[in-house]
Amino acid sequence: MPDHLHETHVIHHESQIDSERPASLSHLVHALRTYKVAMLVSFAAVALFVAAALILVYVLSPSQRTTTLPFRLNFEGAAEGKFSNGLRFSPTDIISPPILLKVFAANELGRFTTFKDFSQSVFV
C-alpha cells in the first residue's frame with residue numbers, strides 16, 4: 001500500500017515567457033504604433049516646455065554690451081592739444097561730467113541706466 005503522506009510530487013511550471021524564443025520585432029512595432037499619438041503629444045509638450053524655459057532664461061538674463069567707436073577730433077588746434085580759442089585741450093575733456101550729462105539728457109538714456117552708471121562706463 002502506498003504511503004500518501006510521504007509521497008513527493010514534482011510539479012513543473014512552464015514559464016509564461018519563453019526565453020528560448022527571440023523577441024518579436026512586429027510586437028515592438030505594434031506597441032509603438034499603438035502609443036504613437038501619446039508619444040508625439042508627450043514629445044511636443046516637452047519641446048514646448050524646453051523652448052519656453054530657454055526663452056525665459058534669455059529674456060531674464062542680464063546683458064551688457066561693450067562698444068568701441070573710433071572718432072577723430074576735427075577742429076583747428078586739435079593736433080596741438082588746443083581748442084580753436086587757444087585753451088589747452090585734453091582727451092579727458094570729452095568725458096567730463098558736463099559733456100556726459102548733455103549726452104545723457106539728449107539721448108534720453110535715463111530710460112536704460114542711471115547717470116552714475118553711464119558716466120562710469122564711458123572712457124577714452
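One table, with the values for the structure above:
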quantity	calculated
Residue list for the range 80-104, restricted to those being assigned to a loop (DSSP other than H, G, I, E, B) and either more than 21 Å from Ser121 (Cβ to Cβ) or among the hydrophobic types (A, V, I, L, M, F, W, C) (or both)	Gly81, Phe83, Ser84, Asn85, Gly86, Leu87, Phe89
Ala106 being at pLDDT 90 or above, loosely packed, with under 10 Cβ neighbours inside 10 Å and more than 30 Å from Leu32 (Cβ to Cβ)	yes
The range 62-79: number of residues that are exposed (fewer than 10 other Cβ atoms within 10 Å of the Cβ) and not in a loop (DSSP other than H, G, I, E, B)	1
Long-range neighbours under 8 Å by Cβ, at least six apart or interchain, first residue under 21 Å from Arg72 (Cβ atoms) within the range 84-112, second of a type in the set (S, T, N, Q) and surrounded by 11 or more Cβ atoms within 10 Å (Cβ to Cβ)	Ile95/Ser119; Leu100/Ser119
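The values are calculated or read from the model by the stated rules, or taken from the named source; none is laboratory data. All values reported here derive from a predicted model rather than from experimental measurement. Cβ atoms come from the backbone with ideal geometry, glycine included; neighbour counts cover every protein chain shown.
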